[in-house]
1. Round to the nearest 10 and give me the degree value, 0 to 90, for the angle of helix 147-156's Cα axis relative to the longest principal axis of the chain.
2. What's the longest bit of the chain with no exposed GluC sites (Glu not before Pro), using DSSP loop states and at most 10 other Cβ atoms within 10 Å as the test?
3. Step through the table entries Lys390/Lys442; Lys368/Lys430; Lys353/Lys430; Lys98/Lys229, compare each Cα-Cα distance with 22 Å, and write down the pairs that go over it.
4. Mind checking the angle between helix 36-46 and the chain's longest principal axis? C-alpha axes, 0 to 90 degrees, to the nearest 10.
5. Could you tell me how many cubic angstrom of Cα convex hull volume the stretch 347-442 has per residue?
6. Only helical DSSP H runs with n ≥ 4 go in: add -39500 (n - 2.57) per run for the chain, normalise by residue count and round the 222 nm mean residue ellipticity to 500 deg cm²/dmol.
7. Rounded to the nearest 20 Debye, what is the dipole magnitude of the chain about its Cα centre when Lys and Arg each give +1 and Asp and Glu each give -1 at the C-beta?
8. Could you tell me the largest-minus-smallest coordinate of the C-alpha atoms of the stretch 4-339 on each of the three principal axes, in descending order and whole angstroms?
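Any read-out appearing in this document is the output of simple, stated calculations on the displayed coordinates, not a laboratory observation. Everything numeric in this text was worked out from a predicted model, so none of it was measured. When we count neighbours, we look across all protein chains shown, and the Cβ atoms used for this are built from the backbone with ideal geometry, even at glycine.
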Amino acid sequence: MPSYRYQWYFTWISFFAGLLWISYLCLNSPGVSVHDEVTHFFMSRDAWHTPELMLDLWGRPINTISYMPFALFGLQYARLASIIFASLTVLLTMRLAKYLDVDYAFLIPTFLWFQPWFSDLSYACVTEVPLSLMMVLGLCLLLSQRYALSAIIFGLLPLIRNEAIVFTGFWCLFCIFTRKWRLVIVSFMPLIIYNLVFFAVYHSWAFGIYFAPKTTDMYGRGEWPHFPKFLLSASGAGFLISALTLYALIPIIRSVPRLLVFACYAVYLMLHMIIFRFGLYASGGYGLFLLPLAPAMAIAAALGFHFLITEVSARLQSRGLSYVCVIICLVVVLFALNNTKPRPLDLEGVVLKEAAAWVRQERLSENKIVAVHPWFYYFLPLQITYNKKKELPSDMPPGTLVIWERHYAEHLGLVYNAFVANGSEWQCLKEFGDGLVVIFRKLAHSHP
């Protein structure tokens, strides 16, 4: 086992190296992993003057509130919040590893920061980043026997991502088995309060979302191995981290606290596999959904490394073990550096940025504008309209501009053929990106 001093230096050097790496990726990534990031940013920004957005079911209230102080200053500042959340996640994962008696916990910063998907996605302004933090925080509080605080944290998780209610259920089972009955009520109080406020504003119950699976062909469905294959891929945790987690199975099942913690994460994985397999809740099978598993995989990799190294530890002196730790971490880091790159602006973003510039140039931004894609709202910039009843093109007043694009417009009722049909009231003003984006304007009267 390397000396305490060696472990201390190793921990903080790797922690700040990972923080530097994710900051570099953030500052050089004008693009996004999913377009939802832009809309989440809008919601947190606009909730300052439209408070009911804090209740929005899609935005998730705790997620929206978490980003509000930062989103006020722009998307990059909202991403700064994510980097802070990710840093706290790394630190708390180290603490959780200590509670689970992980001897090689000093490897956690390397094994977490340099999982390709963690560094690639954890600077994004998305729900999975605060969820990762809160899950680890709740487990740390549980293992430190601060049960009341743990109950509150587990109760807040479904207000960050809906499927996290499975952790609230796990917590309630723990309370039942340990006869902590009052804490069951405490853990459900955030959901109860949220639903009461939601009902007061919208006259319906927010928990109805759990009873509306919304099977749809728009997002598709996949096979059972879809998510496990992603975890093993170079875009996920990577082969080395995944391989080390397999060696952790034996030390995990030998410890009740470890078994409890990893069972929670395993159920979260299974839940997403089931949801995507049957096409429920508009999943889409995005690997991003599994980001909260990254801390568990880092701990498991440290456990697996320790289990593996004990097979040869009798032949290695302390210095030899130190060299092995450095080598294995260098492999992890080099793998991440090779498989994680800054995100350029995607093609839709490039074309919509051009379209927004043209609208400003032609002084058309004062017209009523109907758009769907968040990039157009971002680049014009245009105040986004939330929860608005869908408006048919035939009901729009003359002079209205419609920003049609191939990705989202058709799904939300802006059908291209209706704009170009014979006798249409719509005039094609400009095409961008070989028809990827088309700007239409409604005329004052129909042409014969």
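1. For helix 147-156, the angle is close to 30 degrees.
2. Numbers: sites that count: Glu311, Glu366.
Excluding the exposed sites themselves, the longest stretch runs over 1-310.
3. Lys98/Lys229
4. The two axes meet at around 80 degrees.
5. 92
6. Theoretical 222 nm ellipticity from helices: -17500 deg cm²/dmol.
7. Working: 32 positive and 25 negative charges, 251 e Å.
Dipole magnitude for the chain comes out near 1200 debye.
8. For the stretch 4-339, the Cα spread along each principal axis is 69, 50, 39 Å.
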